[in-house]
Amino acid sequence: MIAEAGLAALWLAAALAGLQLMLGWTGLRHQRDDMLAAVRPVAVIQAVLTLLAFALLIWLFLRVDLSVALVAANDHSEKPWLYKFAGTWGNHEGSMLMWVTILAVAGAAVALLERRLDDRTLTATLSAQAAIGLGFYAFLLFASNPFARLDPAPPEGQGLNPLLQDPGLAFHPPTLYLGYVGLSVAFSFAVGALVTRNVGPSFARAMRPWVLGAWILLTLGITAGSYWAYYELGWGGWWFWDPVENASLMPWLAATALLHSVTVLATRDGLRAWTVMLAVVAFSMSMVGTFLVRSGILTSVHAFAVDPRRGTFILALLAIYIGGALALFAARVGTVREGSRFDPVSREGALVINNLLLTAVLGIVLVGTLYPLVVESMTGEKLSVGPPYFNAAAGPLALVLMAVMAVGPLLRWRRDELRNLGRRLAIPIAIAIASLAGVLLLAPGIRILPFLGLVLALGVGAASLAPLWKRNLRRTPLFIWGMVIAHLGIAVSLAGMASESAFTQERLVASRLGEAQQVGPYNIKLDSVMPIAGPNWTAIEGTVTAVRGGHSFALKPQARAFWAPPTETNESAIQTVWDGQLYVVLGRADEQGRWQLRLWWKPFVTLIWAGGAMVAIGGALALLGRLARERRTAMREAWA
Amino acid sequence: MKAKHQRLVLVLLAVAAMIGAALLAMSALKDQAAYFYTPSDAAHDRVEPGKAVRLGGMVANKSIAHDPDGVTTRFVVTDGQTTVPVRFTGITPDLFKENSGVVAEGSFAPDGSFVATNILAKHDERYMPPQVAGSMHKSESLEK
């Protein structure tokens, strides 16, 4: 009954999305205010129904109702409850339902909270949101129904991929999806503003909190995902340029560009058409990303052969939404009036360069991600594009981007003199030169990219604090703090990346019990290897003692064997200290009773994720600051 | 500068940046894309030594041997017609065994042997990384 109720709720929600689109469309065409007034409530009810369907699916997973095909294929009665719960979205159908749920809830939030936009633009926005929703409801209902029954029900479920059985699953995908789908609101705002020919600062101010919010969540999601891959895969790497990772990076790059251009539009009324274009691109990247990951089309064209309906459906949806939005853009871009002008040397000028560079990096990542797919579908030849390509092509641009990030906030709006800039940058440049000498002295023979990374990180870090220089810190607005902290976070993260790639020490050894190894500042000894058991796995667990200058601690890496489904995973053991992380992986034993150990000493690697968290915190401060200021202005206007 | 001119300059800059990025991407792709080879492909195409490629096939029967250092593994990859000796230093995946599929990432040495930096073995049928699944598909058809 629960599954049928969920399916019914989904059908109803889809029908309401259709109604919402129709009401908005005809209401706008024929100036029918009664129809327009109904759009908001319909959007809210649609969200409630979708939320209900999603809650019912979670309930089915928690109860392990094996008569539902999706539950039988992914759930298992012996799984800890957290993974039963999070396993709801650890599969294609469930995650698509989560996607649609967030889409509908975001639409409802716009309907309930948005009061700044005029009614017509808002209605057009909600209609656009409904149009997106409609396509995804169709995709769920016709090509990936999460509530399909299985008859006869199997005695036990097949379980969840052990690599996913980690607390990260409860946090990482929902955060990322919230970010992806938050960008749908920006997309809908852009479409709405194009439809009603209302592209201007008021539209930008309405869109900005949504862009910021989505961007914060994307930042958190990517940071968390990177750390998850780092400790779960046991490969010691934190970013693999894997297509799935790129799929989350591309919307982030577009959202970062959009975030900056929407600020220009909101405060200086410039970059109108470009901002609308970026909003379309950002959500297009979200959709491309989601589908690349969820359909499997990316890495293997054979996925089409497995379920041709799904693949074709996906391509059709992408073509309709991206093509439709671009066509609307092309038709209406002429009606977007020229915004105000600015000098090349100005804050706006720097932000334009920031946007161009971000878009170029986005293009490089997109090309590298899609190239294998295109080649395979055209010639049948298989190839993979990996870190050498991405580092070589995107790395230099990213470093230039950092330099622009350091300079931009120190420029005045509209026009500025290069001379003044030199004065404001004197201290950061001095710090960069000092660090250049310092790095050359302390670490000769360091490779060029990490070297530039370290120097830039220090210089950019100093420069990102410069906007606070000579300011009364207590009276500095919250969003300035936000910007400073976010930019500083980028520098911190860059420092971590450069340090990790330049100074990591790795040892791979076959060790007898009691034998000592040296890695970095640590002396490491494998004390014992014991079998242990968990809720749905057994493992061999090594006990490793690490000693450094009289202090010692124990690490317990495991090699786990899950029985549902039968898979083995390596659980690395990681110890964080103030100046880095010690990372230990236990391999297998050889005939002589020696155990393979993989040991890493990674100085300051934690800065990578700490920086990511700082970026997100900076974003949150900026969001709070903007909202608070808007509320104050609104109250003042209400009094006047 | 007139408004129209400014817009034009912006558009030109954007186009130039995009073309530059595309050229950069294309040249990097030409050098860096790692192709997938079976031992026969590799023998036929004479892959340049040192170029990053993937080698896929079956681990030949009774070919796995361990060096005395305990962390270096040697084995032979075969596709039924040609064989390539492979050396790998590291922890091999759990399902790496003789007579089953394997994909080795790395490069050829001048003597025609293969030095692997990473080994992707066949995981549980359902949980293979898609990229591996694609490559494995090719070597699996050899299995039959």
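Odds and ends about this structure:
- Test result for B:Ala42, within 10 Å of chain A (Cβ to nearest Cβ), at pLDDT 80 or above, touching a Phe, Trp or Tyr at 6+ places or on another chain (Cβ under 9 Å) and part of a helix (DSSP H, G or I): no
- Taking (1) crowded, with 19+ Cβ neighbours inside 10 Å; (2) in contact with an Asp or Glu (Cβ under 8 Å, 6 or more places away or on another chain) in turn, A:Ser77 satisfies each apart from (1).
- Of all residues assigned to the range A:302-314, at least one qualifies as being modelled with pLDDT under 85 and at the interface with chain B (Cβ under 10 Å from one of its Cβ atoms).
- Residue in the range B:88-100 that is in contact (Cβ under 8 Å) with a residue 40 or more places away in the chain, surrounded by 20 or more Cβ atoms within 10 Å (Cβ to Cβ) and more than 23 Å from A:Val367 (Cβ to Cβ) present: no
- Within the range A:436-466, if we keep just the residues that are over 32 Å from the mean Cα position of the chain (by Cα) and surrounded by 17 or more Cβ atoms within 10 Å (Cβ to Cβ), the residue that is nearest to A:Ser501 (Cα to Cα) turns out to be A:Val439.
- Among the residues of the range A:152-173, those identified as buried (at least 18 other Cβ atoms within 10 Å of the Cβ) and at pLDDT 85 or above are A:Gly157, A:His172, A:Pro173.
- Pairs, first outside the structural domain of A:Thr256 (by TED's automatic domain parsing) in the range A:332-358, second among the hydrophobic types (A, V, I, L, M, F, W, C) and assigned to a loop (DSSP other than H, G, I, E, B), C-beta under 6 Å, six or more apart: A:Ser346/A:Leu411; A:Arg347/A:Leu411; A:Arg347/A:Trp413; A:Glu348/A:Phe342; A:Ala350/A:Leu411
- Enumeration of residues in the range A:348-375 that are of a type outside the set (A, V, I, L, M, F, W, C) and either facing chain B (nearest Cβ under 8 Å) or under 22 Å from B:Ala16 (Cβ atoms) (or both): A:Glu348, A:Gly349, A:Asn354, A:Asn355, A:Thr359, A:Gly363, A:Gly368, A:Tyr371, A:Pro372
- Listed by position, the strands (runs of 3 or more DSSP E) enclosed by the range A:571-640 that each have at least 1 residues that are small (Gly, Ala, Ser) are A:573-577, A:580-589.
- Test for A:Ala510: is it more than 14 Å from chain B (Cβ to nearest Cβ) and aliphatic (A, V, I, L, M): no
- Counting only helices (runs of 4 or more DSSP H) that fall entirely inside the range A:366-474 and contain at least 2 residues that are in the same structural domain as A:Val492 (by TED's automatic domain parsing), over 29 Å from B:Lys51 (Cα atoms) and touching a Ser or Thr at 6+ places or on another chain (Cβ under 6 Å), the qualifying elements are A:448-465.
- Of the residues making up the range A:475-499, those that are under 16 Å from A:Ser435 (Cβ atoms) and either assigned by TED's automatic domain parsing to the domain that holds A:Gly213 or under 23 Å from the mean Cα position of the chain (by Cα) (or both) number 8.
- Within the range B:56-68, the set of residues being at pLDDT 85 or above and either within 13 Å of chain A (Cβ to nearest Cβ) or in contact with a strand residue (DSSP E or B) (Cβ under 7 Å, 6 or more places away or on another chain) (or both) comprises B:Val59, B:Ala60, B:Ser63, B:Ile64, B:Ala65, B:His66, B:Asp67, B:Pro68.
- Verdict on A:His92 being in the same structural domain as A:Thr175 (by TED's automatic domain parsing), closer than 26 Å to A:Thr175 by Cα and either β-branched (Val, Ile, Thr) or more than 22 Å from the chain's Cα centre (by Cα) (or both): no
- Inside the range A:537-579, residues that are of a type in the set (A, V, I, L, M, F, W, C), away from chain B (no Cβ under 14 Å) and in contact with a Ser or Thr (Cβ under 7 Å, 6 or more places away or on another chain) make up a count of 2.
- A:Gly408 being under 32 Å from the mean Cα position of the chain (by Cα), within 24 Å of B:Ala22 (Cβ to Cβ) and surrounded by 14 or more Cβ atoms within 10 Å (Cβ to Cβ): no
- If the condition is being without any contact (Cβ under 8 Å) to a residue 24 or more places away in the chain and either assigned to a loop (DSSP other than H, G, I, E, B) or more than 14 Å from every other protein chain (Cβ to nearest Cβ) (or both), then the range B:45-55 contributes only B:Arg46.
- Options A:Met402, A:Met378; residue that is away from chain B (no Cβ under 11 Å) and crowded, with 18+ Cβ neighbours inside 10 Å: A:Met402
- Scoring A:Arg197 on the criteria (1) in a loop (DSSP other than H, G, I, E, B); (2) in contact with a Phe, Trp or Tyr (Cβ under 9 Å, 6 or more places away or on another chain) leaves a single failure, condition (2).
- Restricting attention to the range A:610-628 and to residues that are closer than 18 Å to A:Leu259 by Cα and of a type outside the set (A, V, I, L, M, F, W, C), the residue that is modelled with the lowest pLDDT turns out to be A:Arg626.
- None of A:Val439, A:Val385, A:Val460 is hydrophobic (A, V, I, L, M, F, W, C) and touching a His at 6+ places or on another chain (Cβ under 8 Å) except A:Val460.
The values are calculated or read from the model by the stated rules, or taken from the named source; none is laboratory data. Predicted, not measured: the structure shown is a model, and the values here were computed from it. Heads up, the Cβs are rebuilt from the backbone with ideal geometry, glycines too, and the neighbour counts pull from every protein chain shown.
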